[in-house]
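The structure under discussion appears below in the form of structure tokens.
The values are calculated or read from the model by the stated rules, or taken from the named source; none is laboratory data. The structure displayed is predicted, hence computed values, not measured ones. Here the Cβ positions follow ideal geometry from the backbone for every residue, glycine too, while neighbour counts run over all protein chains shown.
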Amino acid sequence: MSRRTQGSGFTLVEVLIVVALIGVLSTVAVPGYLSYQARSRRAEAFMNLQAVARSQVSYFAAKGFYHGTGLSYPDPTPYGGLGANKMTWDAASNTAFAELGWQPEGRVLYSYETNTPSVAGSGCTCNECFTATAFGDVDGNGLVSALMYSHPQDIGGVLLECPSRTFPLWAPTRLGTTHSIYDEVAINRSNDEF
């Protein structure tokens, strides 16, 4: 008598269950991974804006006013707009920030500007304030995001400030409140919630 043994392997049902589980896991993991990538790209703007703010404070101590670039640099147009592609810090960018003594290391994902009362048409409501802004679209959703460092002027308990210039935005607010965030880098959620 010969005994027939079953071959080893997976049944079709077992394979379908594994494929379904992989599909469910990927629908959860992929958006989280994309969000993680955008957050890591955003770190560039946080570090650079903090450096710009320190440079502005030093510049003010030496000159008695803050330095404004007016426009944002580098110009993203040759790169097809803001996105996940890095842009070269070009000669125009160097010129705009040279007096301030700031320059990022290498290529950048964001376009940077500083706005002060000395910039024509600045919209500033103060005489001694500045706003440094980084514009980008690191999550690739087509909406321009802004990270800002807003330094107001306190006149008798009233805080006066400068908006960003390229996209007129005032200081970011704490999530769920109307309280403005000053003297630290924060995300302005007016354009993009990222």
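Applying the criterion of being among the small types (Gly, Ala, Ser) and more than 14 Å from ALA45 (Cβ to Cβ) to the residues of the range 66-82, the residue that is surrounded by the fewest Cβ atoms within 10 Å (Cβ to Cβ) is GLY80. Tell me whether the range 18-38 contains one or more residues that are under 30 Å from PRO117 (Cα atoms) and either of a type outside the set (Ser, Thr, Tyr) or modelled with pLDDT of 95 or more (or both). Taking every residue of the range 18-38 in turn, none turns out to be under 30 Å from PRO117 (Cα atoms) and either of a type outside the set (Ser, Thr, Tyr) or modelled with pLDDT of 95 or more (or both).
All conditions in (1) in contact (Cβ under 8 Å) with a residue 60 or more places away in the chain; (2) in a strand (DSSP E or B) hold for GLU128, with the sole exception of (2). Which number in (1) modelled with pLDDT of 90 or more; (2) out of contact with any Phe, Trp or Tyr (no Cβ under 7 Å at 6 or more places or on another chain); (3) surrounded by 10 or more Cβ atoms within 10 Å (Cβ to Cβ) marks the one condition that GLN56 misses? Status for GLN56: all satisfied but (2). Of the residues contained in the range 18-41, none is found to be crowded, with 16+ Cβ neighbours inside 10 Å, assigned to a helix (DSSP H, G or I), touching a strand residue (DSSP E or B) at 6+ places or on another chain (Cβ under 7 Å) and not aromatic (Phe, Trp, Tyr). Residues in the range 175-193 that are part of a loop (DSSP other than H, G, I, E, B) and either modelled with pLDDT of 90 or more or in contact with a helix residue (DSSP H, G or I) (Cβ under 6 Å, 6 or more places away or on another chain) (or both): 5 in all. ILE17 meets each of the listed conditions (1) touching a Pro at 6+ places or on another chain (Cβ under 9 Å); (2) over 24 Å from MET148 (Cβ atoms) apart from (1). Restricting the first member to the range 162-189 and to residues that are surrounded by 19 or more Cβ atoms within 10 Å (Cβ to Cβ), and the second to residues that are basic (Lys, Arg) and in a loop (DSSP other than H, G, I, E, B), the beta-carbon pairs closer than 8 Å and six or more apart or on different chains are PRO172/ARG189. Scanning the range 58-89 for residues that are in contact (Cβ under 8 Å) with a residue 24 or more places away in the chain and of a type in the set (A, V, I, L, M, F, W, C) yields a total of 6. When ALA61 is tested against (1) within 23 Å of ASN115 (Cα to Cα); (2) within 19 Å of the chain's Cα centre (by Cα); (3) exposed (fewer than 10 other Cβ atoms within 10 Å of the Cβ), just one condition goes unmet, and that condition is (2). Scanning the range 149-161 for residues that are in contact (Cβ under 8 Å) with a residue 12 or more places away in the chain and either out of contact with any Phe, Trp or Tyr (no Cβ under 9 Å at 6 or more places or on another chain) or exposed (fewer than 15 other Cβ atoms within 10 Å of the Cβ) (or both) yields GLN153, ILE155, LEU160.
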